[in-house]
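Chemist: Let me give you the structure first, and then I'll get to my questions.
The values are calculated or read from the model by the stated rules, or taken from the named source; none is laboratory data. Remember, predicted model here, so these are calculated numbers, not experimental data. We place every Cβ from the backbone using ideal geometry, glycine too, and count neighbours over all the protein chains shown. Surface accessibility is based on the protein's heavy atoms, side chains included, excluding ligands, DNA and RNA. Shrake-Rupley method; radii C 1.70, N 1.55, O 1.52, S 1.80 Å.
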2 protein chains.
Amino acid sequence: LVLDIWFTEKHEDKQGITLKVKKTLYSGVSEFQKIDVIDTEAFGRMLLLDGLVMTTEKDEFYYHEMISHIPLLTHLNPERVLIIGGGDGGTIREVLRHPSVKEIVLCEIDEAVIDVSRDYLPSIACCLDDPKVDIHIEDAVEYIKGQKNAFDAVLIDSTDPLGPGVGLFTEEFYTNVKESLRENGVMAAQTESPVACQKEFKLINALLNKVFSVVKPYFAPVPTYPGGNWSWTFCSQGLQPEIRNEALAIELEKTSKYFNRDIYKAVFAVPNYVKDLMALPKAVK
Amino acid sequence: LVLDIWFTEKHEDKQGITLKVKKTLYSGVSEFQKIDVIDTEAFGRMLLLDGLVMTTEKDEFYYHEMISHIPLLTHLNPERVLIIGGGDGGTIREVLRHPSVKEIVLCEIDEAVIDVSRDYLPSIACCLDDPKVDIHIEDAVEYIKGQKNAFDAVLIDSTDPLGPGVGLFTEEFYTNVKESLRENGVMAAQTESPVACQKEFKLINALLNKVFSVVKPYFAPVPTYPGGNWSWTFCSQGLQPEIRNEALAIELEKTSKYFNRDIYKAVFAVPNYVKDLMALPKAVK
């Protein structure tokens, strides 16, 4: 007899996702949070932090392709990239597909996330030991203060604005990120669900607009996240989001699961109700 | 004490959505199916057929805007429109926003769906009694056989390929739909989730390609459907999907919740993994 076990993540005690569980592979408590890995029927292995879905083997590609290729393809020659959070390694894996990149700094507060990912999520954590990767176990809120004119791209691959991630959603932090960028540097951050986290989306968007001159949210599915859909935001001090390295985009398109050049353009279309959240007019001729 | 009651829709016994229930408003069994309306915390009132979510007050706009405006805006002057299924009335409401439309035929097999929607979903069913609407309570599989050269657009707003809806997913049915179209006529159908119903998506896509010369799937969120994301497919005998009535598109954009002209283009971007399902190459220069 196999027990009928289901994991349920509830969002604001109103809605949730439920997934049939094959097996719990890991459960532990780090210095910062509870960490679990469970194997699910629908999405394969899944990493949970404080009980919230962070990534799964089967749908991680949406998130990691979106946070990496969208900002990096706008830059003609990104050499030095900072990833904030991202201890599972998925963003590192995608950034390494950009041949101009010489060094990736991963600033992750919780070493246990890296260790658990190495042990249980090999298809995501595969590139954590790449020689181009320099891992800092440190709170990014502190780390970023010392970085000036240091990175071509900063990718904020954080948890939600609660628990250890809360300091990554402030004007001060975004200002320090901006100052850590080199000339023509670009930033992308996960910016919550436009469906299920509208209050957070609106707040983050307003903060980013105080700091950066170009602020462009973009949208894609993440089936295991609240609302089944997510947003990221591209920011810069002038560079608009468009593919500047067409040859590389074609290469990435050949082997990506979600990304292609049509998708690049499509993800920047802002749904009408999101224009309301951003206080933008709905129809401009 | 308020009971903590949750409705859960499970898909293939692997994954599901769960929603906190305020109250069950209606439960009945028609000649064809079980019909329920429940009021939920997250999505307002929700219509269920045979226990599956059909539509909700808060996220119906994605579905109804997509199945209506995308095909109708490709046609310069749609006058006569057939809606197959769609007893809740949401598609009628959106089609009526196209001023060229003189007559809408709704062919719904189950009158009880219409009656329940009128009683419990007024914001969706609001236009069922519009003088332009002609309601046929009949199996569309039979109805369509007698219609030749009769419609400028056919919108297949059906349930899933099981139960009373199964006959709406066959080559014979699609061929009859094609023959019911006037010159330059267009068709759009709901074609299941590219995330959670890949087998069905692939099968329907193959069938449509046997019948129509232009077959273009398009994609948008529907948070309460399996996988949180859905597909529809635009079909014609030559007309490509593009906005031909820009002035009307601007009007619709002013008051739509999801649709705007950028979204129109964006929804046709095919994710790379869907290209696999459609047997399309991934990178074409």
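Chemist: For the range A:126-162, which residues satisfy the criterion of being in contact (Cβ under 8 Å) with a residue 60 or more places away in the chain and more than 19 Å from residue A:68 (Cα to Cα)?
Modeler: Scanning the range A:126-162 gives A:144, A:147.
Chemist: At pLDDT 95 or above and charged (D, E, K, R), is that true of residue B:12?
Modeler: No.
Chemist: Could I ask something else about it? Would you point out the residue of the range B:229-260, among those that are small (Gly, Ala, Ser) and assigned to a loop (DSSP other than H, G, I, E, B), that is surrounded by the fewest Cβ atoms within 10 Å (Cβ to Cβ)?
Modeler: Checked the range B:229-260; the qualifying residue surrounded by the fewest Cβ atoms within 10 Å (Cβ to Cβ) is B:238.
Chemist: I've got another one for you. Would you be able to say whether some residue in the range A:30-47 is open to solvent by less than 10 Å² (accessible area, probe 1.4 Å), charged (D, E, K, R) and either at pLDDT 95 or above or within 21 Å of residue A:229 (Cα to Cα) (or both)?
Modeler: No, every residue in the range A:30-47 fails to be open to solvent by less than 10 Å² (accessible area, probe 1.4 Å), charged (D, E, K, R) and either at pLDDT 95 or above or within 21 Å of residue A:229 (Cα to Cα) (or both).
Chemist: Considering only the range B:261-285, state which residues are aliphatic (A, V, I, L, M) and either in a loop (DSSP other than H, G, I, E, B) or more than 8 Å from chain A (Cβ to nearest Cβ) (or both).
Modeler: Within the range B:261-285, B:267, B:269, B:270, B:274, B:277, B:278, B:279, B:280, B:283, B:284 meet the criteria.
Chemist: For residues in the range A:1-16 being without any contact (Cβ under 8 Å) to a residue 60 or more places away in the chain and part of a loop (DSSP other than H, G, I, E, B), which is farthest from the other protein chains (Cβ to nearest Cβ)?
Modeler: A:1
Chemist: Name the residues in the range B:96-112 that are open to solvent by 10 Å² or more (accessible area, probe 1.4 Å) and of a type in the set (A, V, I, L, M, F, W, C), would you?
Modeler: B:96, B:109, B:112
Chemist: What's the number of the only condition in (1) within 11 Å of chain B (Cβ to nearest Cβ); (2) modelled with pLDDT under 95 that residue A:221 fails to meet?
Modeler: (2)
Chemist: I'm checking my understanding of the structure. Among residues of the range B:10-29 that are open to solvent by 20 Å² or more (accessible area, probe 1.4 Å) and either aromatic (Phe, Trp, Tyr) or under 22 Å from the mean Cα position of the chain (by Cα) (or both), which one is nearest to residue B:190 (Cα to Cα)?
Modeler: Among those residues, the one meeting the criterion is B:11.
Chemist: Going residue by residue through the range A:205-212, is there one that turns out to be within 23 Å of residue A:54 (Cβ to Cβ), within 12 Å of chain B (Cβ to nearest Cβ) and over 15 Å from the mean Cα position of the chain (by Cα)?
Modeler: no
Chemist: How many residues, within the range B:242-285, are among the acidic types (Asp, Glu) and touching a strand residue (DSSP E or B) at 6+ places or on another chain (Cβ under 6 Å)?
Modeler: 0
Chemist: So, one more: Which fully enclosed strands (runs of 3 or more DSSP E) of the range B:122-218 have 1 or more residues being polar (S, T, N, Q) and open to solvent by 10 Å² or more (accessible area, probe 1.4 Å)?
Modeler: Fully inside the range B:122-218 and qualifying: B:181-190.
Chemist: One residue is enough: does the range B:78-95 have a residue meeting the conditions of a type in the set (A, V, I, L, M, F, W, C) and open to solvent by 10 Å² or more (accessible area, probe 1.4 Å)?
Modeler: Taking every residue of the range B:78-95 in turn, none turns out to be of a type in the set (A, V, I, L, M, F, W, C) and open to solvent by 10 Å² or more (accessible area, probe 1.4 Å).
Chemist: Residues in the range A:225-260 that are more than 7 Å from chain B (Cβ to nearest Cβ) and farther than 28 Å from residue B:226 by Cα: how many?
Modeler: The total comes to 18.
Chemist: List the residue pairs whose Cβ atoms are under 8 Å apart, where the first residue sits in the range B:163-189 and is closer than 12 Å to residue B:147 by Cα, the second is part of a strand (DSSP E or B) and open to solvent by 50 Å² or more (accessible area, probe 1.4 Å), and the two are 6 or more positions apart or on different chains.
Modeler: Partner pairs satisfying both residue conditions: B:182/B:80.
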